[in-house]
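Below is one structure; the comments refer to it alone.
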There are 2 protein chains.
Amino acid sequence: MELNSVEKLLRPRSVAVIGASRDPSKIGHQVLKNILSSGFRGAVYPVNPNASEVLGLRCYASVLDVPGPVDLAVVAVPAKLVPQVVEECGRKGVGAVAVISSGFKEVGNEELEKRVVETARKHGLRILGPNIVGICDTVAPINASFCQGSPLKGEIAFISQSGALAIALVGWTALKGVGLSDLVSLGNKADLNEVDFIEFFGRDPHTKVITAYLEGIESGRRFMEVVSKVSTVKPVIVLKVGRAERALGAIRSHTGSLAGSDAVVDAALEQCGALRAPTFIELFDWAVALAKAPLPEGENVLVITNGGGAGVMATDAAELYGVKLMDVPPDLAEKLRKYMPPFGSTFNPIDLTGMATKEWYKGALLEALRDSRVHAVVVLYCHTAITNPKEVADAILEAKREAGVNKPIVASLIGGKECLDEIQRLTSEGVPAYESPEKAVAAMGAIYRYKRMRDKLLRPKTYPELKVDIATARRIVERALAEGRSALTPFEAAQLAKCYGIPVLEKRLVASREEAVKVAEEIGYPVVLEVESPQIIHKTEVGGIILDLKSAEEVAKGFDAIMANVRAKAPTAEVKGVIVRRMAPKGVETLIGMNRDPFFGPVIAFGSGGVLVELVRDVAFRIAPVSLEEAREMVESTKVYAILRGYRGQAEADVDAVVDTILRVSKLAMDIPEIASVDINPFFVYEKGKGGLAIDVKVLLSEPAH
Amino acid sequence: MELNSVEKLLRPRSVAVIGASRDPSKIGHQVLKNILSSGFRGAVYPVNPNASEVLGLRCYASVLDVPGPVDLAVVAVPAKLVPQVVEECGRKGVGAVAVISSGFKEVGNEELEKRVVETARKHGLRILGPNIVGICDTVAPINASFCQGSPLKGEIAFISQSGALAIALVGWTALKGVGLSDLVSLGNKADLNEVDFIEFFGRDPHTKVITAYLEGIESGRRFMEVVSKVSTVKPVIVLKVGRAERALGAIRSHTGSLAGSDAVVDAALEQCGALRAPTFIELFDWAVALAKAPLPEGENVLVITNGGGAGVMATDAAELYGVKLMDVPPDLAEKLRKYMPPFGSTFNPIDLTGMATKEWYKGALLEALRDSRVHAVVVLYCHTAITNPKEVADAILEAKREAGVNKPIVASLIGGKECLDEIQRLTSEGVPAYESPEKAVAAMGAIYRYKRMRDKLLRPKTYPELKVDIATARRIVERALAEGRSALTPFEAAQLAKCYGIPVLEKRLVASREEAVKVAEEIGYPVVLEVESPQIIHKTEVGGIILDLKSAEEVAKGFDAIMANVRAKAPTAEVKGVIVRRMAPKGVETLIGMNRDPFFGPVIAFGSGGVLVELVRDVAFRIAPVSLEEAREMVESTKVYAILRGYRGQAEADVDAVVDTILRVSKLAMDIPEIASVDINPFFVYEKGKGGLAIDVKVLLSEPAH
């Protein structure tokens, strides 16, 4: 069977170490030594023109001299020699190349890195790195890295964009008893990146959970495409750093500050079904839970404890992590009563009290597992004099075996060394266990979040057909671009919205006070006047907008006032005239927008509108194209939804109109890539059946990125 | 020197174990055994009428038979015998009694518990418990508990309301290398509670940090009084559980849902300077940091790392935990350059890269410590082949010693067993160290939060003198109470507010449509009509309020409409008439309120007003009496403050008017305890200098609690 490139990288049948050295301080020596001591069963070929033998193996001057086929070449030569080495690998027909050597893009040497990739491409050869610590695989097994020691064997794949972290976590995971199927160092991602490996691990029978430490997700759309497929089969958990403003380090525009990249990453991960872990500790806590425990059939979780305090901690954590503590049916409560003193509690958490024995733990857990209304159980234990940790662990494992059902059980054992030992034993026997109730509940929460996301991914998505006038819309954009403008005027923006079936407040542009009065008389009072100028984005700030004008006289005075304000506060702005529009009836104030993320493409935003929007940040994001289900979910995830749904006696608002407009903005973003952003704020939502209205539409343009 | 009761409990010179048993399965045996094996140097007297000798010691029939003085009596007899035992302790002149026995309030036996306390009070004797696991003190030392094993000696006092947790944490803290000065089990808190111990540990030279696990803070006001004093001397860290709705389990009224007890606990802890930890892991992580590291002189924090990834993690965490990463001055950057390769970074985090040696770590840290502009340093390390954990720990400790300055340093060492060992060594030598960058930064964040809170507590508080008409206010309340009502009418509420100098919209009560029109003509259009009925709290829901009526005709029609609506939707409500008021100009919509917490007393609320208030929950709480500084801080901590301050070209609003009104509501709460709650929503805030206006004031009453 022919292996693909990633398989050849991770599970090679033969490996060449190019730059293998006799000097133990050299990486080329350490890598070879690790391969030899890792139990690798295939052929190993040291390559080094200056040695005839390294670590007891015959050494070759070039990979071209190697007698047999080579699946994987690990390269640890000075950077400047790498292109030549890759060329030789190509000619040799090597399966894949892992470039450990550093001295490329990470030190500003982009040119050299490009040459390496081009050389590889020419031969159809895939490259991992450069600037990596290597690969550790516990399946082959092979440790083709300069990590000290190998990871424990297990079912979690770990992909790391940080080399230092990868090395350090080999020790840390071993200390914690966390087993890995593979550890992959991504380095500069010149060719292969996280997506290639997620795709591979998605199909890999040796991997149950895929984890990744990422600093950037440059192939955002491919990442989402692959992860949303893989997530239906096994969990993907991502530690994506760079949440902090300081870490992002980029100056962002006003609208950009809402669609801030980290919020986009959050939305994208959620949308494609990946879990996002806040630190590597949770990353592996959750991965262990998902690797060891089955998925639950339903949402009913029971907590069993021997300490009221631990029970309250778990209750607090359950709310935080979205774990639903069931109400205990009376007949089950009665059965549980047998395993506690009279002052115990059958109000979930089930409190067996400090008097709990091994038999009580086992009995109560058996009742819970055998009851079809209970879908998952969290067992909590505080080390007491009555029952030692080993007895509790035995009770849990015996009940699990005897119940003969496949329900997730997680445990927390609070105490000293004895507890730590039993935590590791329980975990290795399929009951993920932790040192605190909160960690146990968080792990159960990860199981549920994964299950809910997977269920959602498995449901079909609907993309309703929308009638739009794309030709006119395109002409509006092209004309503005041809004039060298990077924004549509409000008048053009409203026209564009109309082309896409977005209900928009009609606006008329006038040049004089007389014309303003004439138009106002036509459309009817009250009206709003606002200055029209490409340079003035925030009209309120320059006194460029006046509301609620009720007569010809007020309109005339308003026109003059705006002109005077703008002359004073924005003297250099080019004034194209003044817009006259009806004062629209007020609806629920929302915002609908679109922004392009450099990595994930068009991002659709929906949330509370008006001036408070930036302060409360009640905004949901989704990557376009947005499905009907996703649009509805976006709306339902915001706080303003409570108002839309009809809050405290108010009528229910037209949520369908909001969903429809979101879909139309999404389509606009997909159809016309020259549109950089759309900002409909406010979008008034009226009573159910009465639709909505875009009061203000801002559209920015940019040349499409290719 | 005479010791007080708490000192006699924790550091006794002599101890009697009442209920000492020869049966190793009995708690009375275990406690005695623990005392004897804990290194206690004072006299120990077993008391048991049925034995002449226990564990080699002479046993007495009653504490009255003990020859010498007894500082502490530990009681482990059946619950029903406890009153008699306490009586004898009183007669003997015992210093304090710790009642281990259970079977009291926790199993519904409140009567028996009351008898124990009354007996003790009669003799001026203080009781700890009942229903405790005992006391472990590492100063005396004495382990007068049935915990298995004693805690490590250290400088952290731990007070636990959960016995099971206390026992379990003896093992856990020992495993983690966390040393305790004392461990106190509070049990049912029949007499002594957490406040008594916090007060003691505040003065105790052996305790550097006070920690507590609490399920309730019943003596809320005394707690705040004591903690705000102790917090100026040493940190108090509290793990208060019961955040979740389910855990609270109480049904709360509409306003109560805002002033929800957990938000009140948060506010109270913040106000008295206590840190609140989310789980026991953070509780001890932070306690160790505060026990081991000095407080910083300023806010400038430098991070030094050998891995970019760890640096980004720390940057993210710094934002989360309020740690301020300084910008590195160019001259310092130049000095740091000496300790890194050319591709290292002097943009904080300082990245020495994976090539970092012991010398580089030491050199860079020395430069940082010697620079007076750097106030604290976080050192991060990923285990690499270049430098082992011991070398890094040595580098840190040598630099600390050689720099000869007293600045906080925290560290994170990511890796396996070797790292774990060095983490414990660094910590014990004054550099709190952790397994992840986030934990290290969180610990530094705790140091800073404590420092900032302490600084705030040390600044004087101002309580401006406010002129109010307390006599009239009292009469309004008393009259309503005399009529058996639990709410003021809107009209009365407005009067009450006026008595306290709160600017309030004038309202006139009318009984007929003709009268409504007459009043409207007097006060001028536009006006608002609203129904006046004690039973109708949310007027919008029944169509009981109509805005913006602009003519006599509209007012007449409005009056009829309200009457019809109320008849239809609230047919049983007693209608006292209709209120006519001016349509006030719109200001920034805020909320000012007061609610009484059963434990902390009057709580003042300020936040965003209007219908969004309950959705965005932009509300700050403080326990009354609120100082001028606290009122200002409340306002500044909300999101609506950005609007008040003048947002995007809007004029600055009258923040002083808000602060003044908060102080007046606070005074009202302190002056008239019969007022259960005040809800001013909306409180319109106008431009600076133009004040504010309470549009709607709701006041609920209750008999004062004694």
*When only DSSP loop residues count, what trypsin sites (Lys or Arg not before Pro) in the range B:351-438 have their Cβ near at most 11 other Cβ atoms within 10 Å?*
none
*Of the beta bridges DSSP finds with both residues in the protein assembly as shown, what % are antiparallel, to the nearest 5?*
50 percent
*Among A:185, A:702, what is the fewest-to-most ranking by other Cβ atoms within 10 Å?*
A:702, A:185
*Inter-copy label distances at residue A:343, 7 Å along the Cα→beta-carbon direction, one decimal in nm, shortest first?*
6.6
*Averaged over B:171-181, how many beta carbons belonging to a partner chain fall within 10 Å of each residue's beta carbon?*
3
_What does the C-alpha gyration tensor say about the overall shape of chain A? Classify as rounded when a/c is under 1.5, otherwise prolate if a/b is larger than b/c, or oblate._
oblate
*³J(HN,Hα) across the range B:340-347 via Karplus (A = 6.51, B = -1.76, C = 1.60, θ = phi - 60°), whole Hz, x for Gly/Pro?*
7, x, x, 8, x, 10, 9, 7
*Could you work out the mean count of beta carbons from other protein chains within 10 Å of each residue's beta carbon in B:278-284?*
4
*Based on the mean of other Cβ atoms within 10 Å per residue, sort peptides A:672-680, A:517-525, A:68-76 so the most packed one is first.*
A:68-76, A:672-680, A:517-525
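About the Cα centre, and with charges only on the beta carbon of Lys, Arg (+1) and Asp, Glu (-1), how big is the dipole of the range B:388-516? Nearest 20 debye, please.
With only Lys, Arg, Asp and Glu charged at Cβ, the dipole is about 680 debye.
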_List the aspartates and glutamates whose Cα sits under 12 Å from the Cα of residue B:518, skipping any in the same chain fewer than 8 residues away._
B:553
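Classify the range B:649-706: rounded, prolate or oblate, from the alpha-carbon gyration tensor (a ≥ b ≥ c, eigenvalue square roots; a/c under 1.5 rounded; otherwise prolate if a/b is larger than b/c)?
prolate
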*Quote the charge dipole size of chain B about the Cα centre in Debye, to the nearest 20; the model charges only the Cβ of Lys and Arg (+1) and of Asp and Glu (-1).*
960 debye
*What is the range B:5-207's relative contact order, in percent, from Cα pairs under 8 angstrom and six or more apart in sequence?*
20 percent
*In nm, one decimal, shortest first: how far is the label point of residue B:373 (7 Å from Cα along Cα to beta carbon) from the matching points in the other copies?*
6.7
*Rotational relation A to B, axis-closest Cβ in chain A, residue and distance rounded to whole Å*: A:616, 2
*Once you put a point 7 Å from the Cα of residue A:110 and another 7 Å from the Cα of residue B:557, both along the Cβ direction, what distance in nm separates them?*
6.9 nm
*asked:* Suppose you put the label 7 Å out from Cα in the Cβ direction; list, shortest first and in nm with one decimal, how far residue B:556 is from each other copy's label.
replied: 3.5
_Nearest-ten-degree value, helix A:437-458 long axis tilted from longest Cα axis of chain A_ = 60 degrees
*Computed [θ] at 222 nm, deg cm²/dmol, chain B (DSSP H ≥ 4; -39,500 (n - 2.57); rounded to nearest 500)*: -12000 deg cm²/dmol
*the range A:84-198: antiparallel DSSP beta bridges as a percent of all, rounded to 5*: 45 percent
*State the answer as a single residue: which of A:186, A:210, A:200 lies farthest towards the positive end of the charge dipole of the range A:172-211, with beta carbon charges of +1 for Lys and Arg and -1 for Asp and Glu, about the Cα centre.*
A:210
*What number, in percent, do you get for the relative contact order of the range A:1-99 if the mean sequence gap of Cα pairs under 8 Å and at least 6 apart is divided by its residue count?*
33 percent
*Among A:556, A:24, B:100, whose Cα sits farthest toward the positive end of the charge dipole of the protein assembly as shown (+1 at Cβ of Lys/Arg, -1 at Cβ of Asp/Glu, about the Cα centre)?*
A:24
*Sequence of B:152, A:9 once ranked by neighbouring C-beta atoms within 10 Å, starting from the fewest*: B:152, A:9
*Specify which residue in the list A:281, A:133, A:642 is farthest towards the positive end of the charge dipole of chain A, using unit charges on the beta carbon of Lys, Arg (+1) and Asp, Glu (-1), about the Cα centre.*
A:133
*Derived scalar couplings ³J(HN,Hα) [the range B:352-366; Karplus, 6.51 cos²θ - 1.76 cosθ + 1.60; whole Hz; x for Gly, Pro]*: 6, 6, x, 7, 4, 9, 4, 4, 5, 3, 5, x, 5, 5, 4
*asked:* Can I get the semi-axes of the range A:506-583's equivalent ellipsoid? Compute them from the C-alpha gyration tensor as square roots of 5 times the eigenvalues, in angstrom, largest first.
replied: 20, 11, 11
*Counting Lys and Arg as +1 and Asp and Glu as -1, each charge on the Cβ, what is the dipole of the range B:302-428 about the Cα centre in debye, to the nearest 20?*
240 debye
*Compute the relative contact order of the range A:302-428 as a whole-number percentage, counting only Cα pairs closer than 8 Å that sit 6 or more residues apart in sequence.*
27 percent
*Counting other C-beta atoms within 10 Å, which of B:606, B:200 has the fewest, and how do the rest follow?*
B:200, B:606
*Whether the protein assembly as shown is rounded, prolate or oblate, judged on the alpha carbon gyration tensor where a/c under 1.5 counts as rounded*: oblate
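The numbers here are math on the coordinates, done by the rules we state, and not lab data. For clarity, every value in this text was computed on a predicted model and none was experimentally measured. Every residue, glycine as well, gets a Cβ built from its backbone with ideal geometry; the counts of neighbours run over all protein chains shown.
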